[in-house]
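Can you keep this structure in mind? I'll have questions shortly.
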Amino acid sequence: MKIYKPTTPGRRGMTGIDYSEFLTRKKPEKSLTRGIKRKAGRNHQGTITVRFRGGGHKVRYRLVDFRQDKINIPANVQSIEYDPNRTAFIALISYLDGEKRYILAPRGLKVGDQVLTAEKTELKIGNRMMLKNIPPGSEIHNIELFPGKGGQMVRAAGSAAQILAHDAGITTLRMPSSEVRKVSSIAYASIGSLSNSEQIMVNLGKAGRKRWMGRMPHNRGTSMNPVDHPHGGGEGRSGVGLKYPKTPWGKHAHGVKTRNRKKLSNKYIVQRRSK
């Protein structure tokens, strides 16, 4: 972690990550980057569906291979790079046939290491194989929810799921959220926990750093007028004044389950997350 001298009020308490210890000094692979259109929280009709989004620094999207579907072809790690579109680092790998791809970089992966995707392979950080061949207790990431679709779960910095058991073609996992769920044993997952676990300890220090990320100021409901928010109005610093907090549209905003009760995958959840 980098701690800055308090030369300004914004610098006081600000922290960062010393990327020189982890990352390779090189530009992104040009063939694996694309321009990305910023939507600023709007849907295809131009209506704002997510508030307080907009602005932000211009970035290019890195094409990350979540499937890693080149089976039994070893690949060498050429670099570990920063990705502005996600919290975890990414690794540039080069296969023996010359093709290059980006993958999520697990903690401990270094330049020069070799990674392999196979139905069953060595239990080594960065390797990818079927869940049924990974022993219980192992930490995994980039897990397929549906076999062949590519990794959809456990992709954030420092996160990892744990294998609890295998039984009759079903693997039971404990997710980072503490949820326990079942997944097909023929789905693929990568070994290890993801890199950049220090990211959660970063103190932005000033509102401007959040603006660079495309996050606009989030004003409180209590500071608004009654016409704008259920929490608005009152003299001075008034409380909510309601039985429970509400959204601007009058719905419950605290301790409410938002998951669809009719979702087909509900039957695969053994234990709900604690929060």
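The values are calculated or read from the model by the stated rules, or taken from the named source; none is laboratory data. Predicted model, so just to flag it, every value in this text is computed and none were measured. Here the Cβ is made from the backbone with ideal geometry for all residues, glycine too, and neighbour counts use every protein chain on show.
Would you check which residues across the range 21-53 are of a type in the set (Lys, Arg), farther than 17 Å from residue 211 by Cα and surrounded by 13 or more Cβ atoms within 10 Å (Cβ to Cβ) and list them?
Residue satisfying the conditions is 42 alone.
Can we say residue 262 is part of a loop (DSSP other than H, G, I, E, B) and of a type in the set (Lys, Arg)?
yes
Would a scan of the range 248-256 turn up a residue that is touching a His at 6+ places or on another chain (Cβ under 6 Å), at pLDDT below 90 and not acidic (Asp, Glu)?
Scanning the range 248-256 turns up no residue that is touching a His at 6+ places or on another chain (Cβ under 6 Å), at pLDDT below 90 and not acidic (Asp, Glu).
If you don't mind, another one. Got a sec? Which of 120, 132 is charged (D, E, K, R), part of a loop (DSSP other than H, G, I, E, B), surrounded by fewer than 18 Cβ atoms within 10 Å (Cβ to Cβ) and modelled with pLDDT under 95?
Of 120, 132, the one residue that is charged (D, E, K, R), part of a loop (DSSP other than H, G, I, E, B), surrounded by fewer than 18 Cβ atoms within 10 Å (Cβ to Cβ) and modelled with pLDDT under 95 is 120.
I want to confirm something. Restricting to the range 168-198 and keeping residues that are charged (D, E, K, R) and assigned to a strand (DSSP E or B), which single residue is nearest to residue 140 (Cα to Cα)?
This residue is 174.
From 112, 126, 98, which residue is within 29 Å of residue 170 (Cα to Cα) and in a loop (DSSP other than H, G, I, E, B)?
Being within 29 Å of residue 170 (Cα to Cα) and in a loop (DSSP other than H, G, I, E, B) holds for just one of 112, 126, 98, which is 126.
Also, I was wondering about something else. Tally the residues that are in a loop (DSSP other than H, G, I, E, B) and more than 30 Å from residue 36 (Cα to Cα), restricting the search to the range 211-240.
Number satisfying all stated conditions: 18.
Still on this structure, I have one more. Check residue 165 against each of (1) in a strand (DSSP E or B); (2) farther than 23 Å from residue 69 by Cα; (3) in contact with a Phe, Trp or Tyr (Cβ under 6 Å, 6 or more places away or on another chain) and name the one condition it does not meet.
Every listed condition holds for residue 165 apart from (3).
Further question: Look at the range 18-52 and say how many of its residues are farther than 30 Å from residue 79 by Cα and touching a strand residue (DSSP E or B) at 6+ places or on another chain (Cβ under 7 Å).
6
Here's a follow-up. Going residue by residue through the range 82-96, is there one that turns out to be closer than 20 Å to residue 190 by Cα, surrounded by 13 or more Cβ atoms within 10 Å (Cβ to Cβ) and among the polar types (S, T, N, Q)?
For the range 82-96, residues closer than 20 Å to residue 190 by Cα, surrounded by 13 or more Cβ atoms within 10 Å (Cβ to Cβ) and among the polar types (S, T, N, Q): present.
What pairs can you find where one residue is in the range 256-275 and closer than 21 Å to residue 171 by Cα, the other is among the charged types (D, E, K, R) and modelled with pLDDT of 90 or more, and their Cβ atoms are less than 6 Å apart, with a gap of 6+ or different chains?
If the second residue must be among the charged types (D, E, K, R) and modelled with pLDDT of 90 or more, the pairs left are 268/181; 268/182; 269/181; 273/179.
Failed condition for residue 162, given (1) buried (at least 18 other Cβ atoms within 10 Å of the Cβ); (2) modelled with pLDDT of 95 or more, with all others met?
(1)
To keep it simple, each residue is scored yes or no on (1) in contact (Cβ under 8 Å) with a residue 60 or more places away in the chain; (2) assigned to a strand (DSSP E or B).
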site	(1), (2)
7	no, no
23	yes, no
26	no, no
39	no, no
45	no, no
67	yes, no
76	no, yes
79	no, yes
93	no, yes
